[in-house]
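Okay, so here's the structure we're looking at.
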Amino acid sequence: MIKRVGILTGGGDCSGLNPTIRGAVYRAQDYNYEVYGIQEGWRGLVKGDINPLNLSEVREIIDQGGTILGTSRLNPYKIDNGIKQVLNSIKKFKLDAIIAIGGEDTLGVANRLFKEENVKLVGAPKTMDNDLSGTDYTFGFDSSVTWAIKAMRSLQDSGRSHRRIMVLEVMGRHAGWVALFTGMASGADWTLIPEEKADIKKMCQHLKEVYKKNKYASVVISEGATLPGINVEKESLDQFGHMILRNRGVGNLLADLIKKNTGIETRHSVIGHIQRGGSPTLFDRILGLRCGVTAVDLIAKGRFGYMAALKGSEVIGVPLEEAVSKLKVVDKKWWKLAQVFFK
């Protein structure tokens, strides 16, 4: 019988986490569940940093960015006795079930704990990159792209005024959804994503033609895109085996390549963590609330090892295994659509 539910947020922060927490806490009241907030993702279970979470603490967080529970990228499978400490905390705090809110890494750990340790877990899909399989969209993505579009429109104003080519670097390690949607929705002249090989010669020729007509041009690039001069083998990895991209500087490198190949003054800007924070959009608020509610419903129905997921207009449960088995990357259909606007 379920009496006490723990909830955690792991991995990179994004807008929509707090609405999800709020949705879960409110729905838990309907089942008379006690809710405990696990601090800083899996680190909270490793350290036993867990506290009661009630309605008064989540009532006013619907429009707040980030997560009131804190987050971290700690992987309990990568530290000594990490899983043992997680299991001890679950037992100590009498947690009957856990809601893990996160992306591929956080939910990957959740899936392993469910399969290997029989921990009663459900998930909610968080990632601003929108690269999680099993769901049409993740909360955090819409807010992130909204910020990136605003940034690009500002850069375009400056580029138009100073007769420059402007480059905006956005987040997206393996999947280029943020760059793709930002490029299309802001009217950028070219977009570079990790899934597609960069054709620098073709891009620069196009930018020269655009510049000749408009006296400015703009480009969006994902931080994970590969350019000539980048040595992928030398890049550092985090606990989940992902490249640490903070010093990669693809925006700067691309601006230099464009200037070298076009002779046109080119500047770059990196939106960085600005696109992680801020008040969530309407879409992310409602999706977050719905995912939080559905996660609790999955617990009530005993559907452990499942994740709340948006399919069409419905939020349903899908197996965690489906969500973490592979990344959802930009497919050829979307890339062909983006290329329609490279004119």
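Here residue 188 passes the criteria (1) assigned to a loop (DSSP other than H, G, I, E, B); (2) of a type outside the set (Lys, Arg); (3) surrounded by fewer than 24 Cβ atoms within 10 Å (Cβ to Cβ) except the one numbered (3). Of the strands (runs of 3 or more DSSP E) lying entirely inside the stretch 14-132, the ones with 2 or more residues being farther than 27 Å from residue 316 by Cβ are found at 50-52. Scanning the stretch 154-169 for any residue that is assigned by TED's automatic domain parsing to the domain that holds residue 252 and acidic (Asp, Glu) turns up at least one such residue. Across the stretch 300-321, the number of residues qualifying as in contact with a Phe, Trp or Tyr (Cβ under 8 Å, 6 or more places away or on another chain) and either crowded, with 23+ Cβ neighbours inside 10 Å or on the phi < 0 side of the Ramachandran plot (or both) comes to 7.
Does the stretch 82-100 include one or more residues that are modelled with pLDDT of 95 or more, within 18 Å of the chain's Cα centre (by Cα) and not aromatic (Phe, Trp, Tyr)? Yes, the stretch 82-100 has at least one match. Taking the options 340, 250, name whichever one is closer than 28 Å to residue 218 by Cα, β-branched (Val, Ile, Thr) and free of Cβ contacts under 8 Å to residues at least 24 places away in the same chain. Every option except 340 fails the conditions.
Within the stretch 134-166, restricting attention to residues that are assigned to a helix (DSSP H, G or I) and among the small types (Gly, Ala, Ser), which residue is surrounded by the fewest Cβ atoms within 10 Å (Cβ to Cβ)?
161
Filtering the stretch 47-81 to residues that are within 18 Å of the chain's Cα centre (by Cα) and at positive phi leaves 66, 70.
Here is a check on your reading of the model: is residue 172 outside the structural domain of residue 42 (by TED's automatic domain parsing) and farther than 25 Å from residue 22 by Cβ? Talk me through it step by step, then tell me what you get.
Numbers: outside the structural domain of residue 42 (by TED's automatic domain parsing): yes; farther than 25 Å from residue 22 by Cβ: yes.
So residue 172 passes the test.
Does at least one position in the stretch 274-291 carry a residue that is farther than 29 Å from residue 319 by Cα, aliphatic (A, V, I, L, M), touching a strand residue (DSSP E or B) at 6+ places or on another chain (Cβ under 6 Å) and at pLDDT 90 or above? Scanning the stretch 274-291, I find no residue that is farther than 29 Å from residue 319 by Cα, aliphatic (A, V, I, L, M), touching a strand residue (DSSP E or B) at 6+ places or on another chain (Cβ under 6 Å) and at pLDDT 90 or above, so the answer is no.
The values are calculated or read from the model by the stated rules, or taken from the named source; none is laboratory data. Worth saying up front: this structure is predicted, and the values here are computed from it rather than measured. Glycine also receives a Cβ, built like all others from the backbone with ideal geometry; neighbour counts cover every protein chain displayed.
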